[in-house]
Amino acid sequence: MLVHFFATWCEPCREELPALNRLSARATDTVKVVAISVAEVDIRVQRFLETTPVGFPVLLDRERAVAREWGVSTLPTTFILGADLQPRFFVEADFAWDRIDSSALIAMLAKNAGEIRPAKSVRRSTMEE
Amino acid sequence: MHLDKRSFLKAGAAFTFAAGLPPFALAQGAFAPQPGSWRSFQVVTKLEVVKAEGKTQAWIPLPSVNEKDWFKSEGSEWTTNGAATKALDPKYGAEMLHVEWAESEKAPVVEVISKISTRDRAIDLSKAGTASIDLTAAERKFNTAGNELIPVDGIVKETSDKIVAGKQSEIEKVHAIYDWMIENTFRDAKVRGCGVGDIASMLKTGNLGGKCADLNALFVGLVRGANIPARDVYGIRVAPSKFGYKALGANSEIITKAQHCRSEVFLKGYGWVATDPADVRKVVLEEPPTNLSVNDPKVVAARQTLFGASEGNWLAYNFAHDVVLPGSKGPKLGFLMYPQAECGPSRLDCLDPDTFKYTIKSKELTAA
């Protein structure tokens, strides 16, 4: 599962969301995405999604409470959770999700299955290998 | 994770060079606000909710600041087809007009007329401070504490400590932070990603560009991190600059988008001192012909003046943070500088003219 924090006023977020949507569509059986809009009025997010529709749930973190709980200080930030819903990796930047092989991602997460590890930050190059 | 680490301590050399440049000669004379005659203004805010659905409410900031040397809030009147009450933020004393409309009202409207008086302010920091005023312990604690937008611990404290290292006096420390702001708070195109809205995330991401509220919040946070009282003052420009700066004034009677946040620091022996590093950056970005060098004479003059002085062409609404809007189901506001409204359970987008229309106009009642 990918938990993706974003804001519609953040340019890299706006550019990244369609790629995340494409990943969600092509890996629909194996990768689930949840997006969380940080500190925005509802109607602005709704308007944005009318022009940039996505196929995954978009939640509203109006008071930044969830972002704070997850230690998010940069937008966009994406947490990659394993099948046990424990965070395995996070990316504190926009990311080229079109280049992700979802099978390879699942295999990478499966290597750590059953182990409890702190989430690691990843460079873009590591994720693309 | 890869973040572009920035060098946080660029200062000194550029400022030294700038000090050697000839003074900027404005047609209106030197950029030197001085306390003189008071100027009075009438500011009219008219708000309409275009697509009212469900119960509609609005909150309009009212001038609430009273500082005997430079600003007087002289009351507000209003007309509306809703029910209006004046509300007060209990922590900061920020006043706002809270208007509620019945669900049957399809064309909610309110017009507020506020009167203020203001004048230039200036303190000569080259002379020893002799004022006997001081803050109480409670006031000092209040104005050095953190809040949601402006934490003063962690990376904010670490950055402040680095900037003021080796500085002895309060003036030296604040000036070091002021200079650091001017040298470092610009939008770096190589830095991707945005902060989440508070100053710690600005520092963590290295994304130090932003509007006045972002930059002066960062300044206030860094000064508070050095245990020196500081505060933001949220307001709106009401007149052009008398000193010829296009970027530092409201250049028409319509001031709808002229909101501006200034800042102040409290220095022993001097009292509250005007400071505005955000406006120095605004001169860099917007003063014609725009994108000036930090060594441009216009910027150098603004930099010198806006540490200790400010022009009386601006209305001060309040000093408030973490504002709870009475009757609202929505989140707290980081600051109250714009009108706000909600239709049903949803807060309207105050930047969307299709649903939330307001105009603010300013008229001077007495000449300078």
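All of the numbers you see were taken from the coordinates with simple rules; none came from a lab. Since the structure is predicted, the reported quantities are computational estimates derived from the model, not experimental observations. Cβ atoms come from the backbone with ideal geometry, glycine included; neighbour counts cover every protein chain shown.
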First measure r as the distance between the Cβ atoms of B:Lys141 and A:Ala96, then evaluate 1/(1 + (r/R0)^6) with R0 = 60 Å and state the FRET efficiency to the nearest 0.05. 0.80
With each pseudo-label sitting 7 Å past Cα toward Cβ, what's the B:Leu88-B:Lys211 distance in nm, one decimal? 2.9 nm
How far apart, in nm, are two points set 7 Å out from the Cα along the Cα-to-Cβ line at B:Glu67 and at A:Leu85? 5.1 nm
Nearest-0.05 FRET efficiency for B:Ile133 and A:Glu11, computed from C-beta distance (R0 56 Å): 0.75
To the nearest whole number, what is the average tally of beta carbon atoms from other chains within 10 Å of the beta carbons of peptide B:194-202? 6
For A:Lys32, the lysines lying under 23 Å Cα to Cα, once residues fewer than eight places off in the same chain are dropped, come out as A:Lys111, A:Lys120
In this model, which of B:Lys141/B:Lys298; B:Lys46/B:Lys72; B:Lys246/B:Lys361; B:Lys72/B:Lys268; B:Lys46/B:Lys91; B:Lys115/B:Lys298 are farther than 29 Å apart at the alpha-carbon? B:Lys141/B:Lys298; B:Lys115/B:Lys298
Rounded, prolate or oblate: which fits the stretch A:1-85, taking a ≥ b ≥ c as square roots of the Cα gyration tensor eigenvalues, rounded meaning a/c under 1.5, else prolate when a/b beats b/c? oblate
Cβ-derived FRET efficiency at R0 30 Å, A:Glu50 paired with A:Asp29, nearest 0.05: 0.65
Label-point separation (nm) for B:Phe186 and B:Lys167, each offset 7 Å from Cα along Cα-to-Cβ? 2.1 nm
Quick check: residue separation of B:Glu253 and B:Ile155 times 0.36 nm, minus the Cα distance between them. What number comes out in nm? 31.1 nm
Return the aspartates and glutamates within reach of B:Lys329: Cα separation strictly under 13 angstrom, same-chain partners fewer than 8 residues apart disregarded; answer none if there are no such residues. A:Asp42, A:Glu63, B:Glu342
When a/c is below 1.5 the answer is rounded, else prolate if a/b is larger than b/c, else oblate, so apply that to the protein assembly as shown with a ≥ b ≥ c taken from the square roots of the Cα gyration tensor eigenvalues. oblate
For the stretch B:135-290, state the average projected area of the convex hull of the C-alpha atoms over all orientations, rounded to one decimal in nm². 10.4 nm²
